[in-house]
Structure formats: C-alpha cells, structure tokens
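Read the structure below first, then the notes.
The values are calculated or read from the model by the stated rules, or taken from the named source; none is laboratory data. The shown structure was predicted, so the numbers you read here are calculated from the model rather than taken from an experiment. No Cβ is skipped: glycine too gets one built from the backbone with ideal geometry, and neighbour counts run over all protein chains shown. Surface accessibility is based on the protein's heavy atoms, side chains included, excluding ligands, DNA and RNA. Shrake-Rupley method; radii C 1.70, N 1.55, O 1.52, S 1.80 Å.
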Amino acid sequence: QAIVWDEYLTGPFGLIAQYSLLKEHEVEKMFTLKPGRLPQADVKNVIFFVRPRLELMDIITDNVLREDRGRAPQRDFHILFVPRRSLLCEQWLKEQGVLGSFIHREQYSLDLIPFDGDLLSMEAESAFKECYLESDQTSLYHAAKGLMTLQALYGTIPQIFGKGECARHVANMMIRMKREFPGSQNSIFPVFDTLLLLDRNVDLLTPLATQLTYEGLIDEIYGIQNTYVKLPPEKFAPKKQGDGGKDLPTEPKKLQLNSAEELYAEIRDKNFNAVGSVLSKKAKIISAAFEERHHAKTVGEIKQFVSQLPHMQAARSSLANHTSIAELIKDITTSEDFFDNLTVEQEFMSGIDTDKVNNYIEDCIAQKHPLIKILRLVCLQSVCNSGLKQKVLDHYKKEILQTYGYEHILTLNNLEKAGLLKSQTSGRNNYPTIRKTLRLWMDDVNEQNPNDISYVYSGYAPLSVRLAQLLARPGWRSIEEVLKMLPGPHFEERQQLPTGLQKKRQHGENRVTLVFFLGGVTYAEIAALRFLSQMEDGGTEYVIATTKLINGTTWVKSLMEKLEPAPF
C-alpha cells in the first residue's frame, strides 16, 4: 500500500509512527498530497491521510479523476480523516463524483500527541481562531474527547478547575460524555489529582512577550515544529584545516529537540543568560573525560574507557550543537534592535507609559519593520492597559494601514474581535491591580539560580502559570477579586471515584496536576510549570496539555487574513 499525506500531518505522525514502523506494516511508498496525477507506484491500495478541509478535497478529487483507469491492476482508494470524519467533505466528494471511488472512509482520532514526557499537544493550528473569531467549538470537542481517552487510560481525574468560556464548555462536555457512557467508569487508580482547564484569552499577554528561556528563544527566532528545528548550516560545518571553507553546506541543519538528549533537558528551561556557564562547565567535564584515556594502563581500565566511549561521543556532539545554537541566538540577543524591543515590552509589562503612543513603535512602523513585530507590540500595549484610548488606537491603526497596506484592515479587525487590540471602554485600567495582586512583575530577578517563575521572561511571571501556582497553594479563594476581572467564569467540578480508588496520600508524595491550555501554550510557560514541579517545597507535579504549541509570531499569524490582490 501507499500513503498520501496531507503535509501538515506528517510532523505530528512522525512523533508516534516512524517510517520504519509503517514499512513493517507493508507501506511501500509515501507521497505528499498535491494536485495532478499520483506518482507511479506498484501498489494495490492508496490511502489518503487528511484533515477534513474542503481545499484538500479538491486536490484529492483531482488525484482520483486523473487516475488511469486503463491500467491493468486497478488501484483501490481509501480515505482516513484526522481527527474526525466530516459530512461536509464527504458531501463535497460526492458532488465531484468521486466519493464512490473510496472503498473505506474512516476516521483516525488523533487527539493528544506526546511531545515529551510531560507534554501533550493536539496540534490544531487554528483552534484559537476557530473558538474566538468563528465561534466554532469543534476543537473543544476534540479536547474533551482527548481528555476522556486520557481518563480511560490513567483513571478518572477527581477534581476539575477551570477559568474561561472555553474551559467551561470542555468541562460540560466531559461531564456529559461521562453520563452518556456509563460504562466508562473505570477501576483504574487515578494518576492525576487535578485537571486545570485554562482559556488562552484569560492570559493574552504571555504569548505576545518575547520568551527568554533557551527553548523559547530557539522557537522565537527559528521556530520549532513538532520537536524539530531547522537552523542556518554555516555554524555546523565541520572545521577542516586548509580548505578555506569553500564548500559550506547550504541545506539547513535539522535537529530534534527533546528531553531524551541529556544536555538539552538540562538547559532547555533555563533563562538564556544562564546557558553559557552550563555549556562551559560541560565542556570542561567532557574534555577531562577524554583525557582519562592517557591514564588507562591495565586492560580492564582500557576496556572500561572504550565502553564509555559512545556515550562520551554523543555528549560531545550534543555540546557542539548546542554551543553553535547558543552562538546563533547570542548574535541576535546582543543586537541593538532586540534590546530596544525588549525594553519596550518590559516597560509595558511593568506598567510604564502604557496609555500613550510609543515612540519606538512609531519608529519601527516608519522603518517598515516586519508587521508581526509591530502587531505584537501594539497588542501587548493594549493588553497591559486594558485597551487603548480611542485616540491612541486610531493613530496606530492609521499608521499601520498607510505603511503596510489597507488589506490589513481585516487583520486588525480580527485582533479586535479576539480581544488583543481594543479601545478602553470602561475607562478603567485593571491591569495594575491584576499585576500587583498576582505579583506579575518582579524587579529583582535571579536568572542564574531562579527562585520564582518570573525568570522565564526576566521579570514578568506568566499570568497563566501564576494562576496554576496559586490554585495549588493557597487556593483560588484568595484571589476571587482578580479572577472576576479576568474574562470568563471560574468553576470547580468534582468527579465521583468508585469506592476503594480514593487516594490516601503518603507523606511527602506529590500531587499531580494536568494543566490544559485551550488555544495554545508557549515554551516559556511550559518552562515555568516545570520549574514549579521541581521546587523543593512545591508539592505539585505538572503535566501540560494544549491545543497547539505557539509563540507570539505563529499566534498572531494565525489571526491574520491573507488577502490576495486581485489579478489585473
């Protein structure tokens, strides 16, 4: 059989089924879905793996109609929708006259994909836009389904807390699904004590700011996709004597980043300013280990050295890679532009001059810096001021439209609808109260040996993670007033456990909380939650789930309208 992939799905599927595994199951060939004739392949079955999207149905129709019916062995077609079958798509295929060509029409429910030991994502790239702009709650249904699957495997989660409209919807769906399938009451001892559902729009600020952890910066600058990152190759070229660097590689260097790599697990969640010292320490340890070979005298000692060699060589190449990445990032973080941008962000987050037009933003527009950078800053200012004064907002809009083109009026409209960019209606700015009560801005940050989650943004503590931290201790009752200022309801539900499954907590045993971000989560927030898990007196371990891993750029991009100019 051959598989034809919707290109977007190849990344997530690569995390659960490598090509070698598919090969064992008689997959001869794999193709990317594109218009035209399907490539030649000596196979009987062709399986399409696709998301239920109409534009993809057009391509499939094209593939099927161009199939050469005169060929001796006829090929059979099958279609698998991920994560759900869609009536609309099937109707479309029917109207095009190709629905009958598919022998099997199935769905493959891929809800939560493991990205790391403590991280699950649905990789639904338009979940935020669908929920907040299009009032389409399909992704919330998938989230609830995913959580039901998780409970079937790891036991019923006794406590559910949530904040936000979408969180309320997901909790309601979970409760309904449980009622509708009384057989789903399982007798598995619960792994999770608490589920915390958080809407992305409860904390619109965090993704807009520049992440300052090692992993966060890699994502901000190069973009991490399904744990892989593509980097400029020149830093990774092996240095040979005397060749004058004539054949530098041109292909980008592709690396996988996850905690399976010892060094990466250690530095990924550190503030970037603390990474250099770890790398230089590691370099000393590794070179000392390689020096050992001169002291190996007996056969036993030599044998022991040789047995450690593969591990040492892996550590050495890992160190070389991360030193190169750190150099690439440092070139950017030490630039004047990065510093100016960060300064403005930090002024906004600490509440300085959020209510007037910012000179730096005006200069950036005048110099036509990338539009996404401008939008991130203007939205950040708006969120930190509970909306901008109408005069300020109109000024920014006019400048942006005159510089970048009037087609962006739709994008600005989307940002307003999502609550990222708005005019201050109530005349009151709640952000300072929220900032002080939740201690969102810390002046004295220790980046090397942090004692608070604010190290991930060098001063700003992500609001979403602060809510998780306060829920664990002392509980949300202490911050009722602030919770009311944030959008959406907050609630608590309890799920009955069958007798005999209630947890008796041993002394010193940690509680396990699953935090589910509806609408996306950033690597900096993940780092902050991991920091809380590792705290000596924390008492809570966190597992993170989300609809999508995002950063400010990908998030704002998902809300932008692509307008093609009319062909003249």
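Structure data summary
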quantity	calculated
Count of residues meeting criterion [of a type in the set (Gly, Ala, Ser) and part of a helix (DSSP H, G or I)] in the stretch 164-213	4
Selected residue [open to solvent by 30 Å² or more (accessible area, probe 1.4 Å), in contact with an Asp or Glu (Cβ under 9 Å, 6 or more places away or on another chain) and among the basic types (Lys, Arg)] from 85, 66	85
Qualifying residue in the stretch 163-183 (condition: touching a strand residue (DSSP E or B) at 6+ places or on another chain (Cβ under 6 Å), within 24 Å of residue 201 (Cα to Cα) and of a type in the set (S, T, N, Q))	no
Matching residues, the stretch 401-423, being polar (S, T, N, Q) and buried (at least 16 other Cβ atoms within 10 Å of the Cβ)	403, 411, 414
Positions within the stretch 250-277 being within 17 Å of the chain's Cα centre (by Cα), touching a residue at least 60 places away in the same chain (Cβ under 8 Å) and open to solvent by less than 10 Å² (accessible area, probe 1.4 Å), in sequence order	268
Filtered residues of the stretch 339-350 (kept if closer than 21 Å to residue 218 by Cβ and free of Cβ contacts under 8 Å to residues at least 40 places away in the same chain)	339
Selected residue [in the same structural domain as residue 189 (by the TED database), under 30 Å from residue 344 (Cβ atoms) and among the small types (Gly, Ala, Ser)] from 524, 545, 472	524
Elements of type helices (runs of 4 or more DSSP H) in the stretch 469-559, at least 3 residues being touching a residue at least 40 places away in the same chain (Cβ under 8 Å) and among the β-branched types (Val, Ile, Thr)	552-558
Cβ pairs under 6 Å, 6+ apart, first in the stretch 158-180 and in the same structural domain as residue 545 (by the TED database) and on the phi > 0 side of the Ramachandran plot, second of a type in the set (A, V, I, L, M) and open to solvent by less than 30 Å² (accessible area, probe 1.4 Å)	164/202
Odd one out for residue 456 among (1) outside any helix (DSSP H, G or I); (2) in contact with a Pro (Cβ under 8 Å, 6 or more places away or on another chain); (3) of a type in the set (A, V, I, L, M, F, W, C)	(1)
Only listed residue being open to solvent by less than 50 Å² (accessible area, probe 1.4 Å) and either touching a Gly at 6+ places or on another chain (Cβ under 9 Å) or modelled with pLDDT under 95 (or both), chosen from 344, 357, 383	383
Qualifying residue in the stretch 97-112 (condition: of a type in the set (A, V, I, L, M, F, W, C), modelled with pLDDT of 90 or more and within 30 Å of residue 523 (Cβ to Cβ))	yes
Breaking point among (1) open to solvent by less than 10 Å² (accessible area, probe 1.4 Å); (2) more than 26 Å from residue 559 (Cβ to Cβ); (3) among the hydroxyl-bearing types (Ser, Thr, Tyr), for residue 154	(1)
Residues of the stretch 482-532 that turn out to be modelled with pLDDT of 95 or more, among the hydroxyl-bearing types (Ser, Thr, Tyr) and farther than 22 Å from residue 558 by Cβ, as a count	1
Any chance residue 95 is free of Cβ contacts under 8 Å to residues at least 12 places away in the same chain and either surrounded by 19 or more Cβ atoms within 10 Å (Cβ to Cβ) or over 18 Å from residue 5 (Cα atoms) (or both)	yes
Residue count for the stretch 424-445, restricted to those that are modelled with pLDDT under 95 and open to solvent by 50 Å² or more (accessible area, probe 1.4 Å)	6
Residue check for residue 210: more than 17 Å from residue 491 (Cβ to Cβ), in contact with a helix residue (DSSP H, G or I) (Cβ under 8 Å, 6 or more places away or on another chain), β-branched (Val, Ile, Thr) and open to solvent by less than 10 Å² (accessible area, probe 1.4 Å)	no
Residues of the stretch 367-380 that turn out to be open to solvent by less than 30 Å² (accessible area, probe 1.4 Å) and at positive phi, as a count	0
